[in-house]
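Colleague: This is the structure, below, for whatever I ask next.
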Amino acid sequence: MRHVMKTYGRKSVAFTHGEGAWIFDTTGKRYLDALCGIAVTGLGHSHPRVTKAIQDQANTLIHCSNLYQIPEQESLAIKLCELSNMDTVFFSNSGAEANEAAIKLARLYGHKQGVEKPVIIVTEQSFHGRTMATLSATGNRKVQAGFEPLLSGFARVPFGDVEAIRQVALNNKNVVAIFVEPIQGEGGIQIPPPYYLNALRQIADEEDWLMMVDEVQSGMGRTGAWFAHQHNKIIPDVMTLAKGLGNGIPIGACLARGKASETLTPGTHGSTFGGNPLVSRAAMATIEAIELDGLIDRATFIGNAITQGLANNLKDLDSVIEIRNKGLMIGIELDRRCTPIIDLALEAGLLLNVTADKIVRLLPPLILDDEQIQLLVTTLSSVIKQFLNEPK
Ligand SMILES: *Cc1c(COP(=O)(O)O)cnc(C)c1O
């Protein structure tokens with residue numbers, strides 16, 4: 001790919017088609033897809049309901065403009081608000097753009113309250129995207145390096161640490177919002193203490209901050225709830241979605257509730273493509289398929305089966321530090337850098353990746369059958385053993 005900018009270190013394999021949890025390369029080799037294009041194709045590849053919705057809509061009207069009524073977008077917004085208890089939605093084309101909307105919303109909310117230099121609390125090891133605002137919010141120097149000056153207006157605290165937030169609240173009167181991933185994805189499947197989001201909700205209420213959650217990776221059923229924060233039985237003020245929302249059709253969303261829901265007004269934000277009829281139909285079909293096939297509960301079952309299977313197979317290995325999951329966000333933390341596992345797995349017919357250097361990350365589809373669960377567990381177990389037997 002000589003004429004494509006080298007923003008990715010790419011593997012030499014290219015894929016031609018996919019069906020369910022399977023994906024096929026140009027030589028006809030079949031792989032079990034436990035990555036889903038990084039948490040995107042939760043329904044697997046070529047899902048008939050999504051394919052049909054795209055085909056129908058492509059035959060009818062792909063795009064008009066947000067200058068007009070878009071009934072497909074309105075239906076999707078209603079559905080998303082029903083599922084999340086939110087009030088309004090802004091549609092974007094990606095996760096970073098959904099987060100840009102959230103950051104702009106928080107700043108405008110602050111200005112409307114008379115805060116001239118609004119600050120948003122963000123966390124270490126977070127990932128919010130690659131645009132200037134979202135990389136500034138991101139807690140990873142590698143993502144930021146070379147792009148200074150970064151955007152100001154972020155205060156950073158350790159993930160999972162409630163006391164650190166209370167300290168910021170005491171010392172910084174410009175805070176208007178707190179913005180976290182319910183479970184850090186790129187940060188290495190980091191699951192905070194169970195009370196964390198409840199504590200954030202409480203502090204945000206006390207301080208009159210917006211509680212904003214980045215569910216770009218953890219949303220759309222992946223963790224065994226429509227949205228990961230729902231495990232805590234709280235409702236945020238702002239939530240962002242993308243990845244799994246359209247099963248591969250690019251769509252993101254920034255949802256807001258109550259006092260946050262009417263902050264953005266005509267002229268304050270926009271998107272040419274955002275929520276066009278095609279992507280809205282695809283996302284609606286994705287949601288319907290998740291509902292009709294009972295995939296939220298299935299995500300919990302599959303995630304626990306994979307995690308327990310791996311735990312059994314790898315229990316005697318000292319180099320395996322921890323195997324953790326919430327539904328189908330699964331991390332296997334090793335005691336060493338383990339990126340070579342990606343190639344070993346590819347060789348063995350399995351797609352996965354490694355984040356934060358030492359954590360094998362699985363983001364499998366919500367439609368894995370029992371046989372595929374077993375295949376994933378046995379293949380990955382032997383790949384990890386093969387890797388660990390190699391000299392350090
Ligand atoms: C992937 C991701 C993003 C960025 O989404 P893009 O669609 O790549 O812009 C933002 N936040 C989280 C939590 C993500 O996992």
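Colleague: Given points 7 Å out from each Cα along the Cα-Cβ axis, report the residue 116 to residue 378 separation in nanometres with one decimal.
Modeller: Placing both labels 7 Å beyond Cα along the Cβ direction yields 6.8 nm.
Colleague: For a quick size check, give me the Cα extents of the chain along its three principal axes, largest first, whole Å.
Modeller: Reported extents, whole Å, longest axis first: 60, 53, 44.
Colleague: May I pose another question? Mind giving me the FRET efficiency for residue 75 and residue 297? R0 is 25 Å, r the Cβ-Cβ distance, nearest 0.05 is fine. Please report the intermediate quantities before stating the final value.
Modeller: Details: r = 25 Å, r/R0 = 0.99.
E(calc), rounded to 0.05, equals 0.50.
Colleague: Also, quick follow-up: Mind listing which trypsin sites (Lys or Arg not before Pro) in segment 61-146 are in a DSSP loop and have 16 or fewer other Cβ atoms within 10 Å?
Modeller: 130
Colleague: While we're here: Please arrange 208, 33, 87 by how many other C-beta atoms lie within 10 Å of their C-beta, fewest to most.
Modeller: Values: 208 11, 33 25, 87 16.
In order of increasing Cβ crowding within 10 Å: 208, 87, 33.
Colleague: Would you kindly state how much longer the chain becomes between residue 16 and residue 124 on full extension, computed as 0.36 nm times their sequence separation minus their alpha carbon distance, in nm to one decimal?
Modeller: Working: separation 108, 0.36 × 108 = 38.88 nm, distance 3.80 nm.
Result for the pair: 35.1 nm of gain on full extension.
Colleague: Based on other C-beta atoms within 10 Å, arrange 271, 75 from fewest to most. All intermediate terms of the calculation are to be shown ahead of the outcome.
Modeller: On the way: 271 17, 75 14.
Result, fewest neighbours first: 75, 271.
Colleague: Turning to a different aspect of this structure: To the nearest 20 debye, what charge dipole does segment 165-324 have about its Cα centre, counting +1 at the Cβ of each Lys and Arg and -1 at the Cβ of each Asp and Glu? Could the numbers behind the result be given before it?
Modeller: Working: 12 positive and 17 negative charges, 22 e Å.
Taking the Cα centre of segment 165-324 as origin, the dipole is about 100 debye.
Colleague: If you don't mind, another one. Can you tell me the FRET efficiency between residue 142 and residue 207 if r is taken as the Cβ-Cβ distance and R0 is 30 Å, rounded to the nearest 0.05? Walk me through the numbers before you get to the answer.
Modeller: Working: r = 32 Å, r/R0 = 1.05.
In this case the efficiency is close to 0.40.
Colleague: Counting alpha carbon pairs within less than 8 Å and at least 6 residues apart, what relative contact order, in whole percent, applies to the chain? Each step should come with its number before you reach the end.
Modeller: Details: 787 pairs, mean separation 86.3, N = 392.
Value for the chain: 22 percent.
Colleague: Next question. Placing unit charges on C-beta atoms (Lys and Arg positive, Asp and Glu negative, everything else neutral), compute the dipole magnitude of the chain about its Cα centre in debye, rounded to 20. Present the calculation step by step, with values, prior to reporting the outcome.
Modeller: On the way: 36 positive and 41 negative charges, 179 e Å.
Dipole size: approximately 860 debye.
Colleague: In addition: For a quick check: sort 56, 237, 318 by the number of other beta carbons within 10 angstrom, fewest at the front.
Modeller: Values: 56 12, 237 28, 318 7.
Ranking 56, 237, 318 by Cβ neighbours within 10 Å, fewest first, gives 318, 56, 237.
Colleague: Among DSSP bridges having both ends in the chain, what percentage is antiparallel? Round to the nearest 5.
Modeller: On the way: 31 of 47 bridges.
The antiparallel fraction comes to roughly 65 percent.
Colleague: Moving on. Spin-label point model (7 Å from Cα, Cβ direction): what's the residue 51 to residue 4 distance in nm?
Modeller: My value for the distance between the label points is 2.3 nm.
Colleague: Just to verify a number: FRET efficiency for residue 353 and residue 173, C-beta to C-beta distance, R0 = 41 Å, to 0.05? Before the final figure, lay out each step's value.
Modeller: Working: r = 41 Å, r/R0 = 1.01.
After rounding, the FRET efficiency stands at 0.50.
Colleague: Now, a different point. Which residue, 3, 159, 287, has the largest displacement toward the positive end of the dipole of the chain when charges sit on each Cβ (Lys, Arg +1; Asp, Glu -1)?
Modeller: Looking along the dipole axis, the top candidate is 3.
Colleague: Can you give me the distance in nm between label points at residue 25 and residue 64, each placed 7 Å from the Cα along the Cα-to-Cβ direction?
Modeller: Simple spin-label model gives 4.5 nm for this pair.
Colleague: Taking 29 Å as the cut-off for C-alpha to C-alpha distance, list the pairs among 243/385; 104/173; 29/326 that go past it.
Modeller: Distance filter (> 29 Å) returns 243/385; 29/326.
Read-outs throughout are calculated quantities, based only on the coordinates presented, and are distinct from any laboratory measurement. Everything quoted here is computed from the prediction, not taken from an experiment. Virtual Cβ from ideal backbone geometry, glycine too; neighbours counted across all protein chains shown.
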